[in-house]
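Supplied in C-alpha cells, the structure appears directly below.
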Amino acid sequence: MTKRHDFRKLALTASPHDRAQDAAQALTEAFSWSPIAEADAVVVLGGDGFMLHTLHAMLDSGRVIPAYGMNLGTVGFLMNKPKSNRVLVERVARARPLAVFFFNDTATTAVTQDGRSQEFYAINEVSLLRETRQTAKIEVTVNGKVRIDELVCDGVLVATPSGSTAYNLSANGPILPLDSKMLALTPIS
C-alpha cells in the first residue's frame with residue numbers, strides 16, 4: 001500500500017515551452033494553487049532541465065520542498081508521465097519519495113590550486129575542466145579523506161544518480177540507480 005502525503009498547499013511552476021504552459025493553464029483553471037513560498041510541495045511541469053532549474057531556485061532561496069515533476073519536456077528521466085486518468089493532486093499525495101538530489105544536504109567544495117574555495121550544491125553533477133593546455137592534476141578527497149592522490153586527466157565529472165545519464169554517460173561513465181547513495185567519478189581525457 002502506498003503511503004499518502006498530506007500536502008495541504010501545492011504550488012505550480014511550468015517551463016516556458018508551449019506544452020508546459022498549456023498544461024499549466026488547464027491546471028490553473030482546475031485547481032487552486034498556492035505561491036511557492038507558502039506551499040508544502042511544488043508540481044513542476046517541463047523536462048529534466050526545468051526540474052533542475054526549480055531545485056536550484058529552491059536551494060538559492062533557502063527553502064526546499066518536495067517537487068513532483070510531470071514530463072512535458074523531451075526526455076524526462078527525472079519526471080513522471082502525465083496521465084489524464086487520475087487527478088493530479090491524488091498522484092502527488094500518493095507519490096513515492098525519492099531523495100536522490102541531495103546527499104544529506106551536503107554542498108560540494110572545490111579548492112583551487114591557489115587555495116581559494118568555492119562551495120555549491122551539485123544536483124546533477126560537478127565538472128572540473130583544465131583551464132590551460134597542460135593536463136590537470138586533481139586530488140580527490142571525500143569527507144576529508146584523500147581517495148586519489150593525483151588523477152591526471154583533462155577533467156573529471158562527479159555525477160549523482162540523477163546526473164549519471166547525462167554528461168557522465170556520454171563520457172563513458174556508469175549509470176547509477178536513482179535510489180543509489182553512490183556518486184560516479186569519471187575522468188575526462
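How far is helix 18-30 tilted off the main Cα axis of the chain, in degrees rounded to 10, range 0 to 90?
40 degrees
Same structure again: Report the local net charge at residue 15: Lys and Arg +1, Asp and Glu -1, summed over other residues whose C-beta lies under 12 Å from its C-beta.
Summing Lys/Arg as +1 and Asp/Glu as -1 gives -2.
Cα gyration tensor of the range 14-98, axes a ≥ b ≥ c as square roots of the eigenvalues: rounded (a/c below 1.5), prolate (a/b > b/c) or oblate?
rounded
Hey, can you find the accessible area per residue of the chain for me, probe 1.4 Å, expressed in square angstrom?
Normalised by residue count, the accessible surface of the chain is 65 Å².
Okay, moving on. DSSP loop (so not H, G, I, E, B), at most 11 other Cβ within 10 Å: list which GluC sites (Glu not before Pro) in the range 1-96 pass both filters.
38
So what is the calculated 222 nm ellipticity per residue for the chain, using -39500 (n - 2.57) for each DSSP H run with n of 4 or more, over all residues, to the nearest 500 deg cm²/dmol?
Only helices count here, giving -5500 deg cm²/dmol.
Suppose each label sits 7 Å from its Cα in the direction of the beta carbon; what would the residue 81-residue 5 distance come out to in nanometres?
Each label point lies 7 Å from its Cα, and together they span 2.1 nm.
Please work out the Kirkwood hydrodynamic radius for the chain, using every pair of different C-alpha atoms, and report it in angstroms with one decimal place.
Roughly 18.4 Å, rounded to one decimal.
While we're looking at this one, here's another question. Can you tell me the orientation of helix 48-61 relative to the chain, as the angle in degrees between its alpha-carbon axis and the longest Cα principal axis, to the nearest 10?
So the helix axis and the longest Cα principal axis differ by about 80 degrees.
Can I ask one more? Please build a GNM for the chain, connecting alpha carbons under 10 Å apart, and tell me which residue among 93, 14, 159 fluctuates the most.
For the chain, modelled as a Gaussian network with Cα springs under 10 Å, the answer is 93.
Same structure, new question: For the range 127-189, run through the trypsin sites (Lys or Arg not before Pro) and keep only the ones in DSSP coil with at most 15 other Cβ atoms within 10 Å of their Cβ.
Here the sparse-neighbourhood loop sites are 130, 133, 181.
If you stretched the chain out fully between residue 94 and residue 65, how much longer would it get, using 0.36 nm times the residue separation minus the C-alpha to C-alpha distance?
This chain segment gains 8.8 nm when fully extended.
Which of the GluC sites (Glu not before Pro) across the range 119-188 are loop residues per DSSP, with 10 or fewer other Cβ within 10 Å?
Loop-located and lightly packed - 131.
Let me ask another. Carbon-plus-sulfur fraction of the accessible area of the chain, 1.4 Å probe, in percent?
50 percent
Now, a different point. For residue 19 and residue 113 in one chain, what is 0.36 nm times their gap in residues minus the Cα-Cα distance, to one decimal in nm?
So the extension gain works out to 29.3 nm.
The values are calculated or read from the model by the stated rules, or taken from the named source; none is laboratory data. No experiment lies behind these values; they were computed from the predicted model shown. All Cβ positions, glycine included, derive from the backbone under ideal geometry; neighbour counts span all protein chains shown. With ligands, DNA and RNA removed, areas are computed over all heavy atoms of the protein, side chains included. Shrake-Rupley method; radii C 1.70, N 1.55, O 1.52, S 1.80 Å.
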